[in-house]
Amino acid sequence: MSVLGRTAALVPAAGRGERLGAGVPKALRLIGGTPMLVHAVHALAGSRSVDLVVIAAPEEAVERVRALFLEDLGAEILVVSGGDTRQASVARALIGLPDDVDVVLVHDAARPFVPSEVVSAVVAQVRSGRPAVIPALQVTDTIKQVDGLEMVVGTPDRAVLRAIQTPQGFDRAILQAAHAAADDDTATDDAGLVERQGVGVHVIPGHEEAFKVTRPIDLLLAESVLAKRRAGRAHG
Ligand code: CTP
Ligand code: MG
């Protein structure tokens, strides 16, 4: 890996947000008056460990998204058109990545409040030679596996389960090879594709504030996290 390589963050943001409810695409939903995607990109650029951000936007909103990032955030911002699945959106963002990028993060637009320390920690671990690094939390619910009839078939030991967040970080060549080798486009995270290649994936501590906005109740939590941060800034 070249010491001079740049770090890029790919941001899949082309989802419809069906579980959140109809309306504007989820990435453009406002939290504290600002689109969720803008919060997410600020979190990445603000970590200072990301040089370039490539956003995979909803096809019909590419120009609208470009217009959100006219000011200098300290990282170069590119906007491409996303695909029909998360995996397809990431694959589209990978196309045309400049040659001098050697570390790639993939971060959900739907995780607007990932702390910059988590972003920096993922980059540092990949730069130190780990091919794939993902942040995670312990699971708090008991998880059961069920069959097609909703009958329980097993209860995995909770101690060995992790709830995976983003940004996930990769050596660029490994992520690209994993996407190129995929024979369908249904993966819900990128580490899943890398695992299929037999590459070791390291888990590091994630953060509660890196939660994904998925359902309406998550918007309430997001508004609260933002209000808490803004109050902290005003009084600190
Ligand atoms: N995503 C994407 N392209 C898609 C589908 C999802 O870029 N075709 C992105 C979403 O914008 C989101 C991330 O992948 O930032 C995680 O997906 P998810 O939380 O499932 O978002 P949605 O697919 O938009 O939501 P839902 O599944 O409820 O429709
Ligand atoms: Mg989805």
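The values are calculated or read from the model by the stated rules, or taken from the named source; none is laboratory data. Everything quoted here is computed from the prediction, not taken from an experiment. Every residue, glycine among them, receives a Cβ derived from its backbone with ideal geometry; neighbour counts consider all protein chains shown. Just so you know, the surface numbers come from the protein's heavy atoms only, side chains and all, with ligands and any DNA or RNA stripped out. Shrake-Rupley method; radii C 1.70, N 1.55, O 1.52, S 1.80 Å.
In table form, for the structure just shown:
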item	result
Residues satisfying the stated conditions in the stretch 12-34, i.e. of a type in the set (A, V, I, L, M), touching a Lys or Arg at 6+ places or on another chain (Cβ under 9 Å) and within 13 Å of ligand 2 (Cβ to nearest atom)	13, 14, 20
Residues within the stretch 87-101 that are open to solvent by less than 20 Å² (accessible area, probe 1.4 Å), away from ligand 2 (no atom under 15 Å from the Cβ) and in contact with a helix residue (DSSP H, G or I) (Cβ under 7 Å, 6 or more places away or on another chain), tallied	2
Selection status of residue 56, crowded, with 20+ Cβ neighbours inside 10 Å, in contact with a strand residue (DSSP E or B) (Cβ under 7 Å, 6 or more places away or on another chain) and under 23 Å from residue 214 (Cα atoms)	yes
The stretch 102-119: number of residues that are crowded, with 21+ Cβ neighbours inside 10 Å and part of a helix (DSSP H, G or I)	2
Single residue of 84, 72 found to be under 23 Å from residue 36 (Cβ atoms), among the acidic types (Asp, Glu) and within 16 Å of ligand 2 (Cβ to nearest atom)	84
Yes/no for residue 21 being at positive phi, open to solvent by less than 20 Å² (accessible area, probe 1.4 Å) and in a loop (DSSP other than H, G, I, E, B)	no
Matching strands (runs of 3 or more DSSP E) fully within the stretch 120-187 where at least 3 residues are of a type outside the set (Gly, Ala, Ser) and either surrounded by 11 or more Cβ atoms within 10 Å (Cβ to Cβ) or touching an Asp or Glu at 6+ places or on another chain (Cβ under 9 Å) (or both)	132-138, 168-171
Top-ranked residue of the stretch 102-113 - restricted to ones that are more than 10 Å from ligand 1 (Cβ to nearest atom) and touching a strand residue (DSSP E or B) at 6+ places or on another chain (Cβ under 8 Å), ranked as farthest from residue 12 (Cα to Cα)	102
Selected residue (only one of 37, 44 is aliphatic (A, V, I, L, M), within 16 Å of ligand 2 (Cβ to nearest atom) and closer than 30 Å to residue 130 by Cα)	37
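A quick yes/no check of all residues on (1) without any contact (Cβ under 8 Å) to a residue 40 or more places away in the chain; (2) closer than 26 Å to residue 196 by Cβ; (3) of a type in the set (S, T, N, Q):
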| site | (1), (2), (3) |
| --- | --- |
| 102 | no, yes, no |
| 108 | no, yes, no |
| 114 | no, yes, no |
| 121 | no, yes, no |
| 135 | no, yes, no |
| 140 | yes, no, yes |
| 153 | yes, yes, no |
| 156 | yes, yes, no |
